[in-house]
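Accompanying notes for the structure given below.
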Amino acid sequence: MLNFSNPCSENLFLKKKIINKVNKVIKSNNYILGSEVNNFEKKFAKYIGAKYCVGTSNGTDAIILALKALNIKENDQVITTAHTAVATVAAIVECKAIPVFVDIDDTYNIDTKKIESAINKRTKAIIIVHIYGNPVNLNNISKIKKIPIIEDCSQAHGAELNGKKVGSFGKISTFSFYPTKNLGCIGDGGAIVTDNKIIYQKIKLLREYGWKIKNKSLIHGTNKRLDEIQAGILNIKIKYLNYFNSKRVQIAKKYLKLIRNNRLILPIIDDKNYHVFHLFVIRIKDNLRKKLILYFKKNKINLGIHYPIPVNKQRTYKKYDLMHLDKTNKFAKEIVSLPIYPFLKKAQIVKIIKLLNKFK
């Protein structure tokens, strides 16, 4: 069965290097916040174009630490999108803050033109999500100077806006290295990048019990560390990130050029930016999504849906569903994720395109 994502193919491609790295970490006798984490933090900060990076246990914890570093407190409001992984909103609620949802535009990203009208005295941060690897147009929110912006770049490693890497625009930016991401661990992992030294120092304290010196807690912190083995794997994979992204882009270009079915709506691409296609998401008209998915399954291909239930309609978060989210709610019923990953074969791509073009 062909799946919409296949991190195993990438890991097998790098298997020998990964095994050697794991053996090196085992022999080092240093398994927590050692040289692998330190090296990765330096490499990743340089890659993004930021001054500082802090490795974290996962992408959700990265957002929690970012919010805490900005002193987000109970009942503070944080503007974000409901068309995202639940993690973005779960992190806000974990900090006892209130998520305020803004609708998306036709790119599936937050509609930046609607952000300003959602701001009030209780608004303390804005989390923008570069969904599917497509950069949010931050030019439209550059006027909002007083409210700190957190970039959730969990699906956009290496994406660029105006020639600059996403993650280098916000006051703080967060990343997930979940195995299916463009840059993924074999397990969980995350990171935070920032240019602000004070925020960087605070996040380092928050990440590990408030310690600057071991066993001396300067502030309340918890354990949200990136471990040495996952950092070691990331140190290998970061060298291949641009190559893997280019393979995703090549596949996406074939889809965009060769899919010809007027029942399908293809993603909107801004050629001025660099979309890294963590996912290739189409929409299907006329309530035919279920039929399309079954049609592909019969042909031994699993399609995905990212995400079938927007966060504002999730039982846990329905109480925050106070804004008009027309496109968020509509698109959630139409979206389908096609297979896209660096080791998708030419014959498989051709098969997917043929099946889409034949579908009625």
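Rule-based calculations on the coordinates, nothing more; no lab input. All figures in this text were calculated on a predicted structure; none of them were measured in a lab. Neighbour counts run over all protein chains shown; Cβ positions are idealised from the backbone, glycine included.
So for the chain: antiparallel DSSP bridges make up what percent, rounded to the nearest 5? Of those bridges, close to 60 percent are antiparallel. Once the Cβ-Cβ distance of Asn196 and Asn302 is raised to the sixth power relative to R0 = 45 Å, the FRET efficiency obtained is 0.60. Label zone of Thr316 (point 7 Å out along Cα→Cβ, amide N under 11 Å): in segment 62-106 this covers 86-94. The residues Tyr295, Tyr178, when put in order of fewest to most other Cβ atoms within 10 Å, stand as Tyr295, Tyr178. Relative contact order for the chain: 23 percent, from Cα pairs under 8 Å spaced at least 6 residues apart, divided by residue count. Taking label positions 7 Å along the Cα-Cβ direction at both Asn38 and Lys330, the computed distance is 5.4 nm, reported to one decimal. A Förster distance of 30 Å, applied to the separation of the beta-carbon atoms of Lys27 and Thr222, puts the FRET efficiency at 0.50. Contact order for segment 45-141, expressed relative to its length and based on alpha carbon pairs under 8 Å spaced 6+ residues apart, stands at 27 percent.
With θ taken as phi - 60° and the Karplus curve 6.51 cos²θ - 1.76 cosθ + 1.60 applied, the whole-hertz 3J(HN,Hα) list for segment 213-219 is 10, 3, 6, 10, 7, 7, 9 Hz, x standing for glycine and proline.
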